[in-house]
Amino acid sequence: RGMFKVAKETAQGFDTVAEAAIELARQGLGAEKTLQRTKDALILTRLTGMSAADAVKSLTAAVNSFNKEGVTSAQVINRMAKVDAKFAVSSDDLAKAISRVGASAVSAGVNMNELMAITTAVQQRTARGGAVIGNAFKTIFTRIQRSDVQKRLRDFGVATRDMQGNMLTGMKVLQNLADEFDNLTKSQQASISENVAGVFQVNILKAALSDLSQETSAYSGALRAA
């Protein structure tokens, strides 16, 4: 009965609802949570054009990665929809980015809203798509936490720790780098970019830094929306 109700509320066929519910049931969720998350996944399907199975996987990755924030699947959908409506980024891009970088972002102290916002900012500048952007930030957030990269950043005057010696969050380090980036020589910019992003993700990093250095950045606007 619950599944038929979800099908009616989301204007989806019963087969599609069943496909999503099976994916969630495999995760060991109870009936009530399965139905609620199935409904949210099918809303994501309508927003993005994803298959039911892919929507479930993306939503599950987001909820599981940011479980310490206590976000629900409904909140994930609402935040995506809000940012999607206000900026040149799709819910599909946001979902794909989060599913790829979620764990690395959490490890670097980046919350879901910040991750959506920086994905939005880079997507508007590069149009590279959520999957590419997510993989790039997976590399960037992982490298930022390395001691050798942090030392290089400090050598260029970029703060990576607070007054108590605690490591700053990934987004705070990127903001500090953005504030200093234009003061560096071209060779210094190239060197630090490769240290932070690796050879293949430099363009994504530079797009992020370019936006973060603006007073009215897309990042800050998307962060407020999320």
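Just a few scattered comments:
- Shape analysis of the chain yields a ratio of the Cα radius of gyration to the Kirkwood radius, Rg/Rh, of 1.04.
- Taking segment 29-142 and dividing mean pair separation by its residue count, relative contact order in percent (alpha carbons under 8 Å, at least six apart): 25
- Figure note: Glu32, Glu19, Glu215 ranked by solvent-accessible area, largest first, 1.4 Å probe, ligands and nucleic acids not counted: Glu215, Glu32, Glu19.
- Segment 61-143: proportion of alpha-carbon pairs further apart than 15 angstrom, %: 48
- Of Lys57/Lys206; Lys151/Lys186; Lys8/Lys57; Lys86/Lys186, pairs whose Cα-Cα distance is over 26 Å: Lys57/Lys206; Lys86/Lys186
- With contacts taken as Cα pairs under 8 Å at a separation of at least 6 residues, segment 84-209 carries a relative contact order of 29 percent.
- Loop-located trypsin sites (Lys or Arg not before Pro) in segment 130-179 whose Cβ has at most 16 other Cβ within 10 Å (DSSP): Arg146
- Accessible surface of segment 1-53, 1.4 Å probe, proportion on carbon and sulfur as whole %: 53
- This model, with +1 at the C-beta of Lys and Arg and -1 at the C-beta of Asp and Glu, gives segment 31-119 a dipole about its Cα centre of some 100 debye.
- Overall Cα dimensions of segment 1-64, principal axis frame, Å, largest first: 27, 26, 14
- Taking the Cα centre of segment 82-226 as reference, the dipole from Cβ charges on Lys and Arg (+1) and Asp and Glu (-1) amounts to some 280 debye.
- From most to least packed by mean Cβ count within 10 Å, the peptides 81-93, 40-52 give 40-52, 81-93.
- Across segment 90-209, the convex hull enclosing all Cα atoms gives 92 Å³ per residue.
- Placing one equal scatterer on every Cα of segment 1-122 and applying the Debye formula, the log10 ratio I(q)/I(0) at q = 0.09, 0.17 Å⁻¹ is -0.23, -0.79.
- For the chain, the longest principal axis of the alpha carbon atoms and the long axis of helix 91-107 meet at an angle near 60°.
- Average Cα contact separation per residue, the chain, under 8 Å, 6 or more apart, as relative contact order %: 18
- Net charge, Asn113 excluded, C-beta distance under 12 Å - Lys, Arg +1, Asp, Glu -1: +1
The values are calculated or read from the model by the stated rules, or taken from the named source; none is laboratory data. Note that the structure is a prediction, hence the values are computed from the model and not measured. All Cβ positions, even for glycine, are placed from backbone atoms using ideal geometry, and neighbour counts span all protein chains on display. Heavy atoms of the whole protein, side chains included, go into the accessibility calculation; ligands, DNA and RNA do not. Shrake-Rupley method; radii C 1.70, N 1.55, O 1.52, S 1.80 Å.
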